[in-house]
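Written out below as structure tokens is the structure these notes cover.
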Number of protein chains: 2
Amino acid sequence: MAGFDLEHYLVHCRDLTNKALDDALYPGGDGDPGRLREGMRYAVLNGGKRMRPVVTIATCEACGGTPQQALPGCCSLEMVHAYSLVHDDLPAMDDDSERRGKPTVHVAFGEGPAILIGDALLTRAFEVLATGEAAYGPVLAQAVVILAREAGIDGMVGGQALDMQHGQGITELGVLEQVHARKTGALYAAGGAMGALLAGAEPKTVEAMRTWGLKFGIAFQHADDVLDDDQVALRPQALARVDELVAECNALAEPFGDKAAALHALAGWVQKRAHTAAAGDLAQD
Amino acid sequence: MAGFDLEHYLVHCRDLTNKALDDALYPGGDGDPGRLREGMRYAVLNGGKRMRPVVTIATCEACGGTPQQALPGCCSLEMVHAYSLVHDDLPAMDDDSERRGKPTVHVAFGEGPAILIGDALLTRAFEVLATGEAAYGPVLAQAVVILAREAGIDGMVGGQALDMQHGQGITELGVLEQVHARKTGALYAAGGAMGALLAGAEPKTVEAMRTWGLKFGIAFQHADDVLDDDQVALRPQALARVDELVAECNALAEPFGDKAAALHALAGWVQKRAHTAAAGDLAQD
């Protein structure tokens, strides 16, 4: 969409989400055994881009809702995303000691507390999402089901297991996309579906926005792969797949007219990111 | 309550819960990367007593509901309880290699998978609880909030952190009870509140049943302590406290008349258990 200021939109969504997360996370200090509250804040309030909330707000607006309506979905998604990183970084998993230039949670707080901090974040995510039933009515229980399904064994957790099973040796784009769809795409799918649901959309529209989020999430991850030297063999195929997925996203957003300006801008941004990376890479050759 | 067949009631509640859990957990086999589905079943379908579901069904019946109505609460509680044991048994936490005579989940499935199996169970708990909104209406979102609150930082996870902080050296009954209230009592409180909520009870009644569950859970844990040689110094105080808590439980159940027969029987059973243990112990001296 010509004239849509995506840069400003991203900052706006990020600021709204950060404020809501700050409110939703407990302060640390006295009465914080094991420093769990402090650890929850450390894990979540980390300068992230908040792309999942951006998708949630954008689909909510496409369906006629406001950014405020989308916030329970935004906060719950970021807490789930943050818990998954805390657990993935553990010695028994990826054993990472640094994230965004800071010590990972188990390095800063200890391994036992890191397990509990992740558990507490996952639990708090559902509490935050389901609170406010007076304002939203029965859709909140549906939102919980959506988030749980996409975050669980058939979504993100299952994707993590699939990734562990394959290790570093994925050489087929189809297999890579299966991992992306579950490990990354699932939470974007949840964002799309929850954004629509919290705007009061019909089930058919919720499902369309779920698909938009899923395809966007996979495209986003493929675009990252284009930048990743480990996946150099799959680069041309990944680039072609980004183009396809972006076209499918745009077709899904089409019926929503001008209200879907942010959705079109986000899809265009991922496509441009992938092509710019590929061009830069060619220039380096 | 004279004439109430508690033994039969416990078996009936356990069978109902086991059947519902078996239906709610995914079969393993093909398409089970990392054996997560198999591990979820291994962790949950373990021959447990299902005391939390018993409390949930008993409060549901006290409020005029049926055992069937309580089942989403029963399944979600057992999944949360099971996930907490899987994570507590990890090397970074209590480092236990055996539970109920079988290898713990991380021993049987690996440490990374055990973290994910716990995460998947916690996530599935909320999905199971929030599914079926058509039959229950908006109370399901409230049930999610209750479970998340009792299972999270101000409940079970916080109790675990408190326990880690104190280690083995608790010498005051008041401190011990704080740990029991959060680490054990919180899930019983959730069972009491959810049982009432799923029966369609008023907020005041839900709160009363929450308190019943909390007091019952603490009494249950104190009764266990009476049997535990590590807590021998606190034994007489713990026994006196069981009597107080049971009296408070019975007072809370009183207004529900005959519908609270199971609640009275359960409280009486815990009291008898504690006193029998204490008498056995005296006999050994």
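Only residues that are free of Cβ contacts under 8 Å to residues at least 60 places away in the same chain and crowded, with 21+ Cβ neighbours inside 10 Å were counted across segment B:180-190, and they come to 7. The set of residues in segment B:35-60 being farther than 27 Å from B:L214 by Cβ and either surrounded by fewer than 24 Cβ atoms within 10 Å (Cβ to Cβ) or touching a Ser or Thr at 6+ places or on another chain (Cβ under 7 Å) (or both) consists of B:R35, B:R37, B:E38, B:R41, B:Y42, B:L45. Going by the structure shown, is B:R41 part of a helix (DSSP H, G or I) and in contact with a Phe, Trp or Tyr (Cβ under 6 Å, 6 or more places away or on another chain)? No, not satisfied.
Taking the conditions exactly as written (on the phi > 0 side of the Ramachandran plot and within 11 Å of chain B (Cβ to nearest Cβ)), does A:G200 satisfy them or not? No, not satisfied.
Look at A:E78 and say whether it is within 19 Å of B:D119 (Cα to Cα), more than 13 Å from chain B (Cβ to nearest Cβ) and either in a helix (DSSP H, G or I) or modelled with pLDDT under 95 (or both). So A:E78 fits the description; yes.
Every residue, every condition in (1) in contact with a Ser or Thr (Cβ under 9 Å, 6 or more places away or on another chain); (2) basic (K, R); (3) within 14 Å of chain A (Cβ to nearest Cβ), yes or no:
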residue: B:P138; (1), (2), (3): no, no, yes
residue: B:V145; (1), (2), (3): yes, no, yes
residue: B:M156; (1), (2), (3): yes, no, yes
residue: B:Q168; (1), (2), (3): no, no, no
residue: B:Q178; (1), (2), (3): no, no, yes
residue: B:A189; (1), (2), (3): yes, no, no
residue: B:M194; (1), (2), (3): yes, no, yes
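In summary, helices (runs of 4 or more DSSP H) completely within segment B:83-178 and bearing 2 or more residues that are β-branched (V, I, T) and surrounded by fewer than 24 Cβ atoms within 10 Å (Cβ to Cβ) occur at B:139-151. Within 15 Å of B:V55 (Cβ to Cβ) and not in a helix (DSSP H, G or I): does that describe B:A201? Here the answer is yes, as B:A201 does meet what is asked. Within segment A:244-263, the set of residues being under 14 Å from A:A58 (Cα atoms) and touching a Lys or Arg at 6+ places or on another chain (Cβ under 8 Å) comprises A:C249, A:L252. Taking residues in segment A:99-111 that are without any contact (Cβ under 8 Å) to a residue 12 or more places away in the chain, and partners anywhere that are assigned to a helix (DSSP H, G or I), not one pair has Cβ atoms closer than 6 Å while being at least 6 places apart or on different chains.
The values are calculated or read from the model by the stated rules, or taken from the named source; none is laboratory data. All figures in this text were calculated on a predicted structure; none of them were measured in a lab. Note that each Cβ is placed from the backbone with ideal geometry, even for glycine, and that neighbours are counted across all protein chains shown.
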